[in-house]
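All remarks here apply to the structure that follows.
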Amino acid sequence: MEGVQPPDENLENGSRPRFKWKKVLRLVVSGIKAAGLLLCVVYVCLQFSSSPAKDSPIQRLRAPVTGCEGGRLFIGTSKNEYETMEVQNNSVIINCDGLYLIHLKGSFFQEVKINFHFRKDRSPIFVPMLNNGQRVVFTVVTSLAFKDEVYLTVNASDTLCEHLQINDGELIIVQLTPNGYCAPERPYSSTVNQVPL
């Protein structure tokens, strides 16, 4: 039995090439991980070293809705330092492109119909009412753009707009995607809603 090798030597010789492939595979995987880690470090360093662009603050408004004027729901203003949106003629002016969350709530003493307007070339959205048309809890997410105006028209069959009474009316608008185009900032001016005393 001189020509036959012992079984231990056959196993050892047969497993050596497979062991080399495992070693090469581990080296390749380690190299890929190291390159990925290096790219991540370079990206983070570039982000911290580049001068940050001046971002516009997130657009937001929380305003009381207290009545009706000229066919539109009257949007008041609160003197809150965090409010970044302007109200003009019962319309909220949009200065930044992006997705916005809009929430309206309130209750009326009579049945009303409300339409949500946000762009001149689009049809308004009919706001569904609760409690026989006397209560509203409405939330929508929509894409708004610079120069859009958000306002709410209201109609009651047996009551003039100026005589409508609303309880706990509130309009909230919050920009969800603050990375879009924003108009150049101008000094914040308070609301232009003027109510005769």
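A few comments on the model shown:
- Those GluC sites (Glu not before Pro) in region 78-149 that DSSP places in a loop and that have at most 15 other beta carbons within 10 Å: Glu81, Glu111
- Solvent-accessible surface of region 99-169, averaged per residue with a 1.4 angstrom probe and all protein chains in place: 58 square angstrom.
- Only protein atoms count toward the accessible area here, which uses a 1.4 Å probe; on region 116-164, the carbon and sulfur part of that area reaches 49 percent.
The values are calculated or read from the model by the stated rules, or taken from the named source; none is laboratory data. No experiment lies behind these values; they were computed from the predicted model shown. Quick reminder, even Gly has a Cβ in these numbers, built from the backbone with ideal geometry, and neighbours come from all protein chains shown. With ligands, DNA and RNA removed, areas are computed over all heavy atoms of the protein, side chains included. Shrake-Rupley method; radii C 1.70, N 1.55, O 1.52, S 1.80 Å.
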